[in-house]
Amino acid sequence: MPSLPILPRLNLSPRLSPFVLWFFALILIATSALPISARAQINLGLSSSKTSTSAAVVQTPRVRAELVAQAPDGIAAGQTFWLGLKLAHEPDWHTYWKNAGDSGLPTELQWQLPAGLSAGAIDWPTPHALRVGPLVNYGYENTVLLPIPVKVASDFKAPESGMVEVRLSASWLICRVECIPESGEFALQIPVGGSTATHSEDFFKAQAQLPAALSDNGKASIQADANAAKGTVLDDRISLRVTGLPAALQGKTLEFYPENAETFRHAAESGKDWQQRWEGNVWVAEGIPLSDMRGETPKQLAIVIALANKDRIAAMGKGEPIAWRSTLDVSGQWTPAMMASVSPALAAALEANKNTAAAPAPTSASNTGIWAALLGGLIGGLILNLMPCVFPVLAIKVLGFAGHGQNRRAQKISGLAYTAGVVLSFVALGALLLGLRAAGQQLGWGFQLQSPIVVSLLATLFTVLGLNLAGLFEFGSLLPSHIASAQARNPVLDSFLSGVLAVAIASPCTAPFMGASLGFAIDMPSAQALTVFAALGVGMVLPYLLASFVPAVVSWLPRPGAWMETFRRAMAFPMFATVVWLVWVLGHQSGMDAAAALLALLLVLAALIWALGLSGKSRLALSAIAVLLVAGVGYYAAPLITAPPAEPAQAQNGEGQLWQPWTADKVQSLQAANQPVFVDFTAAWCVTCQVNKRTTLSHADVLAAFEQHKVQLLRADWTRQDPAITQALHALGRSGVPVYVLYVPGKPPVVMSELLSKSEVLDALQKI
């Protein structure tokens, strides 16, 4: 097989020297990590449930935990600001409220604060009842913020640096059916004199979920057994009377959450095991069963009364409370449950188990799952060669096959070197992705094109390649002779680096089979996950490796000749088409001003390359002018290119009304309202996404079927890094886009293929 160069050879088809390829490869790899926090530490141990990383974010396979702050007026003496632990759970996983219910443990926080700061207790948001088999627990799913007030002393003195560092050691128990103890170390820098309000919306939502305090104390009374002797009580029942609730609640069925642990039988159901009713403005709960683990009768019971789940969203939307907290005076006495003692041997065993439970050993994926992922990666890599984003590379490789002619040995060596470049690049990119995810970053496949800097560098590279192919310049005329001739001395290195650059260009695509394999690989132990990435590289390079060892595969190509020069110049146009696409991607990421700035930069760069190719006295003068233009345009373009994400423009032809922006909460609320939801996980840099969008998803029959079945259409735009979208993809077993999902209430999500067809969508809709 030929060396599969990114550009043809220097005689009839000059190509980039290995040093130029190496330069661009290093730039692309380095800038892929630019959006990542400098505080993140890479750790490939994805299966660990405990991390020593001291940063604001701790990521495990089950939850993303982040230490956040709310100090809009800075940190001032005598004032109060807020800290919070934000827990974003993976689907079906949950953590616990202050009273966990029948099982579980509440989240615990231990603070290390500078002198003059003191943290209060957690202001626990109203929980949900979580039924697991015969048990009922109280806790949180999806995303919850646990807010903590921090009091600033009147004699507080700001550090000289102007920054306050807070540290947190947190531990939580996260459960689905199985439970896993997890913990994390957090650190956060907060400016004393500046405003910290990045997470204002999260704190606002947490405030809206706090129970409102009731000023009137109600009563909790032990029920006497009318058939028993005087003075005895019914040991397992209690009645509550709650006063002071808003009049608007009268007649509604409410939920009841006791703050006292091991007091009530949490799995008891209202309307079945106990009854609730209204007596005027008093809410009465009668006959609530007491726990078999109850202790001595307390003087007071603290309870939270809340709206049913279906009423909470509406109340929060109106700015109204969703729950109320009351402290009830207890009258009467119950008989404490007889507690069995624990043997000393069992107590010692339990203590030893506590010390090892927090760090379970990583588990390996099943052999079946590993082989399925490897096969999917291999097939996905093969299909990747047919994806639109790979076309500019594949078209030029035809010249490489023809250029080697009958030199079979050169074909084989170049094919093996190219294979090594592709496979090792996929492994390196996979290791970078896994490492950054382990360090707390929410990333997925194609993450490098979520950086506007990487997009701009790729556009620059393809512009240079296109100008070279079009014949505007030859690298030999611009570079020193010893560098320009380096490719002749290093053909193996040249082929290897061609493979590196091919992966950088092809990696944003996601082919069928590839998405599921990569999604599965991310949850594997690191060594197994990297094997899947290697299989993906082998699949992509397999056709070329086969062609290098089996001459009949490329026997249809004509012998080297003048046709190669014509073909070379024609290949400039796919390169320029790729530049158009990349500029369009940048426009979606940073706005049209950034896209125009990049075009201006590419224009003056082309002028510089043209000037450098001139001869005589005009070369020096025009080159100097062009250098100044490149420097000036680059100075003004850089801030625009790296600007924050632009607000999405309203789509034309009514698309903005058909497709709504995706959020996890919106999917959940629509599901609760019994409405089907179709989600398009997409990105501007994903060519396959755009093809599906303009064909299948815009087809009149598909749109009519969506309307007929009253399906809400949501679009999750992953053009720029979005941790929430990354989490949603990970929950679906995917690591890149495109992904298409149909959510039907009461049924598992239907994940469709990456190459979406009209028949596939219509068939899925017919099953609603």
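The values are calculated or read from the model by the stated rules, or taken from the named source; none is laboratory data. If you're wondering where the values come from, they're calculated on a predicted model, not measured in any experiment. Neighbour counts run over all protein chains shown; Cβ positions are idealised from the backbone, glycine included.
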Note on G466: of the conditions (1) surrounded by fewer than 24 Cβ atoms within 10 Å (Cβ to Cβ); (2) assigned to a helix (DSSP H, G or I); (3) at pLDDT below 75; (4) not basic (K, R), unmet is (3)
With the requirement that a residue be part of a helix (DSSP H, G or I) and in contact (Cβ under 8 Å) with a residue 60 or more places away in the chain, what does region 298-311 give you?
N309, K310
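For region 166-177, does any single residue satisfy the condition of being part of a strand (DSSP E or B) and loosely packed, with under 15 Cβ neighbours inside 10 Å?
Residues of region 166-177 part of a strand (DSSP E or B): 166-175.
Filter once more, so that each one left must be loosely packed, with under 15 Cβ neighbours inside 10 Å: 169.
So far as region 166-177 goes, yes, one or more of its residues are part of a strand (DSSP E or B) and loosely packed, with under 15 Cβ neighbours inside 10 Å.
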Kindly provide the set of residues from region 398-416 that are at pLDDT 75 or above, crowded, with 22+ Cβ neighbours inside 10 Å and either farther than 14 Å from P543 by Cα or of a type in the set (V, I, T) (or both), ordered by number.
none
Yes or no: region 71-91 includes at least one residue that is assigned to a strand (DSSP E or B), surrounded by fewer than 18 Cβ atoms within 10 Å (Cβ to Cβ) and at pLDDT below 85.
no
Starting from region 246-271, take each residue that is without any contact (Cβ under 8 Å) to a residue 40 or more places away in the chain and list its partners that are of a type in the set (D, E, K, R), counting only C-beta distances under 6 angstrom and pairs at least six apart or across chains.
T263/R294
Taking region 124-149 and the residues there that are over 25 Å from S669 (Cα atoms) and within 30 Å of the chain's Cα centre (by Cα), the one that is surrounded by the most Cβ atoms within 10 Å (Cβ to Cβ) would be I148
So if I check each of A649, A596, which one is modelled with pLDDT under 85 and of a type in the set (A, V, I, L, M)?
A649
For region 722-749, give me the residue count where each residue is surrounded by 18 or more Cβ atoms within 10 Å (Cβ to Cβ) and touching a Phe, Trp or Tyr at 6+ places or on another chain (Cβ under 8 Å).
14
Does any residue of region 611-632 turn out to be crowded, with 19+ Cβ neighbours inside 10 Å, part of a helix (DSSP H, G or I) and in contact (Cβ under 8 Å) with a residue 40 or more places away in the chain?
no
State all residues of region 320-334 that are assigned to a strand (DSSP E or B), over 18 Å from S215 (Cβ atoms) and among the polar types (S, T, N, Q); if no residue qualifies, say none.
S331
When residues of region 239-297 are filtered for being assigned to a loop (DSSP other than H, G, I, E, B) and not basic (K, R), how many remain?
27
Scanning region 417-432 residue by residue, those at pLDDT below 80, closer than 19 Å to G539 by Cα and in contact with a Ser or Thr (Cβ under 9 Å, 6 or more places away or on another chain) turn out to be L429, A431
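Among the listed residues E160, E185, E178, identify the single one that is among the acidic types (D, E) and either within 26 Å of N309 (Cβ to Cβ) or in contact with a helix residue (DSSP H, G or I) (Cβ under 8 Å, 6 or more places away or on another chain) (or both).
E178
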